[in-house]
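Visitor: Quick one: this structure, given as structure tokens, is what I'll be asking you about.
The values are calculated or read from the model by the stated rules, or taken from the named source; none is laboratory data. Computed from a prediction, not measured in an experiment: that's the story for all the values here. Cβ placement follows ideal geometry from the backbone for every residue including glycine, while neighbour counts extend to all protein chains displayed. For the accessible areas, the whole protein counts, side chains as well, though only heavy atoms, and no ligand, DNA or RNA atoms are used. Shrake-Rupley method; radii C 1.70, N 1.55, O 1.52, S 1.80 Å.
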Amino acid sequence: MFDKFQNNDRMLMLFFIFLVLAGPILLAPFGAGYPDLLQRFCIFGIFAIGFNILFGLTGYLSFGHAAFLGVGSYSAVWMFKLLTMNVIPALILAVIIAGLFSLLIGFISLRRSGIYFSILTLAFAQMSFSLAYSVLTPITNGETGLQLTLDDPRILDAANTSGSLPSTNFFGLTMNSTAKFEFFGMVFQFNVGFYFCAVMLILAFYLAMRIFRSPFGLMLKAIKTNQNRLNYTGVNTRPYTLAAFVISGMYAGLAGGLMACTDPLAGAERMQWTASGEVVLMTILGGSGTLLGPVLGAGFIKYFENIFSKINENVLHGWFSFLPDGLEDLIVWVLHFFVGKGWHLTLGLLFMMVVIFLPGGLLQGASHIIDWIRGKKQSSSTQISNPNSMPAE
Amino acid sequence: MSILEVQNVNKSFGGLKALQNVNLSVEEGTIHAIIGPNGAGKSTLLNCFIGKLIPDTGTVNFNGQSLLGMKAHEINQTGVSRVFQTPEIFSDLTVYENVMIPCFAKRDGSFCLNALNRVKSEAEIHDKAEHMMEDVNMADKKDMVASSLSRGDKRRLEMAMCLAQDPQLLLLDEPTAGMARADTNNTIDLLAEIQNKRHITMAVIEHDMHVVFSLAQKISVLAQGTVIVEDLPENIKGHPKVQEAYLGGAH
Ligand SMILES: Nc1ncnc2c1ncn2[C@@H]1O[C@H](COP(=O)(O)OP(=O)(O)O)[C@@H](O)[C@H]1O
Ligand SMILES: [Mg+2]
């Protein structure tokens, strides 16, 4: 199945569009069909797709991409405050500012490669994070975060007389309006904000696919395998890595802008290093260097974060109440480290397992399973001889 | 006319004088062999031509233009390509992609943001890459991942990559090392054909005297960092200094 996709981008694209647009229906049975989570799937999907253009193709591991996410959010909220609640100008500014910011950081950080590059990006991101809390409070509103207020100018919008904060919209379509349908006892929610993010995700995915298949993308892959040879082949690798860095920074800016579109506030914690680390995890967990992998990784992490962080000790006691008291308490005591706020422990363990047992990420796991099922039907003589090839790429 | 003019090049690594007052003049359109025992400084000399090393003193001129201080990719863009002693290829990519990359680099220069074209629909690049692979007899291996090739095939692939750029000067560092006899003879034929049909100038480092004497129009003998003789092949064989420094031990 995945091998076929490899040769058939149109199939892959249609499959992706179907999965994304049908998300509210497909994910409802798993308790993930509500707008807030679906939007996060899309937004972090975009973030990870962009990150993968840098990391998956060139191998340059940035630990500072959350800075661009944060910059995108701030820019978008400023647009909501000053110009209009329409999301389009906000997103345009978010992408442009994040692009400029990543041009600056990339220009400096890309003077080094390997671990030094990673450390430089991390340092820049942490600097941005602290600046957002201190010197830049007039722009970022410090710890409170940047929010909408009633007396914002919003020069393009009609005067607001309702006395409540206006909501973000796409040419009049309000982002947070939702149509609910009940069907066989299940609630399906179709939310404007989600579908807006979904369309953005599909566009982001399409653009990434074009980049992967382009001569530019080929050069990026060449940088990953042998940068020296590329230099001795007459290619100046610096502008290529810088372009990849800026493109991925703009993706991050778009993701940050979309966060502000679905919930118009921006805080500095979005720029923290843990957020930068999260997108690295998403990309590697799903399968770096593949097209679908990062989206899968983003969805996986956000879904399980949602499930695991909701479980608390009471829920656990409910699950294990059939056991004798002493044993019940013991099991709940052990498990409570892994749920709720301890969800990151579970994530860490999962990540370790994937890196050790599935170096190609979840996507590789999926194609192993498919091959295994297929292999039972066919003889093994059709096995592909190259173990290094990435699935669906 | 000499296409590559090297004068008084010195290079030391710490206390080790790898190159001492090296002079070399490669005539346009010829194959110039550089021979010498292991550790004589042959690879180091080539490194000084391609921007990998900067000589301590001396000049390196290509077509009258100094190569010193130029970046590796700039030197390549002026028309100098190199096949390395240990193959430098894009191991994770397919043979076909390996050959397409220099084709793109030749056409698009050192940077081109063609992120929305499709590699698939670049007809001229495909034609050229196909041709190159046929020239080195690797058309049947085009979909293999480069890391899975044999050593000899890797070297031929690297040669195809360099030829795809239509260089004016091709530097080859032991092109037949690790090849079977038959492949060595194919390589001799290939290099002779390149010289006759494409008029590419070549500087070849080679240990195999059969290769050297079948191809070279001029030979420089390097020993312990200095050129001890530069002469025509027929004068090299019986040269007393060469016997002493190089052939002496072997015969
Ligand atoms: N980058 C380097 N650093 C230190 N010593 C080097 C370096 N490159 C080559 N050498 C030394 O210079 C001498 C010449 O090496 P080389 O040019 O590789 O010889 P060869 O003629 O066999 O190609 C050797 O003694 C080698 O150890
Ligand atoms: Mg050598």
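Visitor: Under a point-charge model restricted to the Cβ atoms of Lys and Arg (+1) and Asp and Glu (-1), what is the dipole moment magnitude of segment A:34-271 relative to its Cα centre, in debye to the nearest 20?
Guide: I would put it at about 1140 debye.
Visitor: Helix B:95-108 versus the longest principal axis of chain B: what is the Cα-based angle in degrees, 0 to 90, to the nearest 10?
Guide: 90
Visitor: Something else about it: Any chance you could give the angle, 0 to 90 degrees and rounded to 10, that helix B:123-135 forms with the longest Cα principal axis of chain B?
Guide: The helix B:123-135 is inclined about 40 degrees to chain B.
Visitor: Here is a further query. On average, how much area does the Cα convex hull of segment B:3-93 cover when viewed from any direction, in nm²?
Guide: Average of the hull's projected areas for segment B:3-93 equals 7.0 nm².
Visitor: I've got another one for you. Where does chain A land at 222 nm, in deg cm²/dmol rounded to the nearest 500, when only DSSP H runs of n ≥ 4 count, each adding -39500 (n - 2.57), divided by all residues?
Guide: -21500 deg cm²/dmol
Visitor: Separate question: Would you mind getting me the FRET efficiency between A:Thr137 and A:Ser162? Use the beta-carbon distance for r and R0 = 41 Å, nearest 0.05.
Guide: 0.90
Visitor: Averaging sequence separations of C-alpha pairs under 8 Å and six or more residues apart, then dividing by the length of segment A:34-271, give the relative contact order as a whole percent.
Guide: Value for segment A:34-271: 44 percent.
Visitor: Give me the net charge of A:Phe194's neighbourhood, meaning all other residues with Cβ under 12 Å from the Cβ of A:Phe194; Lys, Arg count +1, Asp, Glu -1.
Guide: Net charge in that neighbourhood comes out at 0.
Visitor: Then there's this: As a check on your grasp of the helix formula, calculate [θ] at 222 nm for chain B: sum -39500 (n - 2.57) over DSSP H runs of n ≥ 4, divide by the residue count, round to the nearest 500.
Guide: -9000 deg cm²/dmol
Visitor: B:Glu88: accessible area at probe 1.4 Å, nearest 10 Å²?
Guide: Its accessible surface works out to 40 Å², give or take rounding.
Visitor: Can you tell me the order of A:121-128, B:228-235 when each peptide is scored by its average per-residue count of other Cβ atoms within 10 angstrom, highest first?
Guide: Going by the mean number of other Cβ atoms within 10 Å, highest first, we get A:121-128, B:228-235.
Visitor: Another question, then. If you plug each phi of segment A:199-208 into the Karplus form 6.51 cos²θ - 1.76 cosθ + 1.60 with θ = phi - 60°, what whole-Hz ³J(HN,Hα) values come out, in order, with x for Gly and Pro?
Guide: 4, 4, 4, 5, 4, 4, 5, 4, 4, 4
Visitor: A further question on this structure: Which percent of the Cα-Cα distances in chain B go past 23 Å?
Guide: Of all Cα-Cα distances in chain B, 51 percent exceed 23 Å.
Visitor: Treat every Asp and Glu Cβ in the protein assembly as shown as -1 and every Lys and Arg Cβ as +1, leave all other atoms uncharged, and give the resulting dipole magnitude about the Cα centre to the nearest 20 debye.
Guide: 180
Visitor: Which residues in segment B:13-40 have a backbone N closer than 20 Å to a point placed 7 Å from the Cα of B:Asn235 along the Cα-to-Cβ line?
Guide: B:22-36
Visitor: Answer rounded, prolate or oblate for the protein assembly as shown, using the Cα gyration tensor with square roots of eigenvalues a ≥ b ≥ c: rounded when a/c is under 1.5, else prolate when a/b is larger than b/c, else oblate.
Guide: It is prolate, given that a/c is not under 1.5 and a/b is the larger ratio.
Visitor: Relative to the present Cα-Cα distance, how much length would full extension add between A:Tyr206 and A:Ile331 at 0.36 nm per residue of separation?
Guide: This chain segment gains 40.4 nm when fully extended.
Visitor: Okay, next question. So what are the ³J(HN,Hα) numbers for segment A:182-188, from phi and the Karplus equation (6.51, -1.76, 1.60; θ = phi - 60°), rounded to whole Hz, Gly and Pro as x?
Guide: For segment A:182-188, the Karplus-derived couplings read 10, 8, 6, x, 10, 9, 10 Hz, x marking Gly and Pro.
Visitor: Using all alpha carbons of segment A:167-224, what is the percent of pairwise distances in each 5 Å bin, ordered from the shortest bin to the longest?
Guide: Going from the shortest bin to the longest, the percentages are 4, 16, 14, 14, 12, 10, 9, 8, 8, 4, 1.
Visitor: Using a Förster radius of 60 Å, what is the FRET efficiency between A:Ser309 and B:Arg107 based on their Cβ-Cβ separation? Nearest 0.05, please.
Guide: The pair A:Ser309/B:Arg107 has a calculated efficiency of 0.70.
Visitor: Distance check, please: which entries in B:Lys17/B:Lys128; B:Lys42/B:Lys71; B:Lys154/B:Lys241; B:Lys141/B:Lys237; A:Lys376/B:Lys154; A:Lys376/B:Lys141 exceed 32 angstrom between their Cα atoms?
Guide: B:Lys17/B:Lys128; B:Lys154/B:Lys241; B:Lys141/B:Lys237; A:Lys376/B:Lys154
Visitor: Looking at chain A, which Cys residues are left with no other cysteine's beta carbon under 4.7 Å from theirs?
Guide: When partners are defined as cysteine Cβ atoms under 4.7 Å apart, chain A leaves A:Cys261 without one.
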